[in-house]
Structure formats: structure tokens, C-alpha cells
Amino acid sequence: MPKYSIVVPFHNEEDSVTTLYDQLKAVMEGLGDSFELVFVDDGSRDRTFRLLSEIAAVDSRVLVIKLRRNFGQTSALAAGFDHASGDFMLAMDGDLQHDPSEIPNFVAKLDEGYDVVRGLRTG
């Protein structure tokens, strides 16, 4: 069982899929703990699902869930959480509005003993 599950819903995000995967992979490998990436395609009509599937085909830490239509972010996150197996869950958006380089800050708070850590954008 992985220590961390990063759950990311995607809806028509073909332009950010590869970049987000590369950034998440680098950050999580840098932490040194086991992890999985749970990518949920929320009824995309572009190449999002195909790109996610290609990534999963070469990285066994990636799980892709395809929803038959667009159910919305909350339902897509719920589907991802249902399939995630990590001790800790982290949720991110698939459009690069959340910076993966912030993950170590969240993990540091978890390591301090917090049960829930939430971030807010400033600036």
C-alpha cells in the first residue's frame, strides 16, 4: 500500500496532463516515500484520457479512472478517493492551478502529526 495517493480530476486538460504528471512524479520521487497517482478523467472529449492511459501504461504507480460523462469535480474526486489506497490522500486540480512543488509543505505538516492539511492561494 502506498503512503500517499494524489487524486487528480481532469476534464479536457490535454494541454496540462504530461506537464502535471512530470511535476508530480519529480516531487513525489524526491520525497522518497511510496505513492500512487490516481487520475480521473471526468468525461473529457479531447485527448486527455488517451494521454493519461499512455502514462499509466509506462508507470505502474498511475491509476486511471474514466467516468462515462462529465459529473463534475466533486464526483470525480469522490471516484478517485474510492479507488485510492494510500495512507494519506492529496487532492489537486488537473489544470496546473495547484503547484506540485507545494506538496512537501503539506507532507511536513502531516509529519508533524496533523490529520488534515489545507492550502490557500495567496497573492
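Taking the stated definitions as given, is Ala76 in contact with an Asp or Glu (Cβ under 7 Å, 6 or more places away or on another chain), in a helix (DSSP H, G or I), farther than 17 Å from Ser16 by Cα and not hydroxyl-bearing (Ser, Thr, Tyr)? So Ala76 passes the test. Filtering the range 85-100 to residues that are open to solvent by 20 Å² or more (accessible area, probe 1.4 Å) and either at pLDDT below 95 or assigned to a loop (DSSP other than H, G, I, E, B) (or both) leaves Ser85, Asp87, Asp93, Asp95, Leu96, Gln97, His98, Asp99. Residue pairs whose Cβ atoms lie under 7 Å apart, separated by 6 or more positions or on different chains, with the first residue in the range 3-25 and in a loop (DSSP other than H, G, I, E, B) and the second open to solvent by 50 Å² or more (accessible area, probe 1.4 Å) and aromatic (Phe, Trp, Tyr), are Lys3/Phe88.
Taking the criterion of being over 19 Å from Asp99 (Cβ atoms), hydrophobic (A, V, I, L, M, F, W, C) and touching a helix residue (DSSP H, G or I) at 6+ places or on another chain (Cβ under 9 Å), would at least one residue in the range 42-51 satisfy it? Working first, answer last.
Filtering the range 42-51 for residues over 19 Å from Asp99 (Cβ atoms) gives 42-51.
Next cut, hydrophobic (A, V, I, L, M, F, W, C) only: 49, 51.
With the extra rule that they be touching a helix residue (DSSP H, G or I) at 6+ places or on another chain (Cβ under 9 Å), the set shrinks to 51.
Yes, there is a match, as at least one residue in the range 42-51 is over 19 Å from Asp99 (Cβ atoms), hydrophobic (A, V, I, L, M, F, W, C) and touching a helix residue (DSSP H, G or I) at 6+ places or on another chain (Cβ under 9 Å).
In summary, Phe81 fulfils each of the numbered conditions (1) closer than 27 Å to Asp111 by Cα; (2) open to solvent by less than 60 Å² (accessible area, probe 1.4 Å); (3) of a type outside the set (Asp, Glu) with the single exception of condition (2). Might you let me know whether the range 63-75 holds any residue that is under 11 Å from the mean Cα position of the chain (by Cα) and in contact (Cβ under 8 Å) with a residue 12 or more places away in the chain? Looking through the range 63-75, at least one residue is under 11 Å from the mean Cα position of the chain (by Cα) and in contact (Cβ under 8 Å) with a residue 12 or more places away in the chain.
With the requirement that a residue be farther than 25 Å from Ser34 by Cβ, assigned to a loop (DSSP other than H, G, I, E, B) and open to solvent by less than 40 Å² (accessible area, probe 1.4 Å), what does the range 57-73 give you? The one that is farther than 25 Å from Ser34 by Cβ, assigned to a loop (DSSP other than H, G, I, E, B) and open to solvent by less than 40 Å² (accessible area, probe 1.4 Å): Gly72.
The values are calculated or read from the model by the stated rules, or taken from the named source; none is laboratory data. Predicted model only: the values in this text are computed from it and were never measured. All Cβ positions, even for glycine, are placed from backbone atoms using ideal geometry, and neighbour counts span all protein chains on display. Remember, those area values only see protein heavy atoms, side chains included, never the ligands or the DNA or RNA. Shrake-Rupley method; radii C 1.70, N 1.55, O 1.52, S 1.80 Å.
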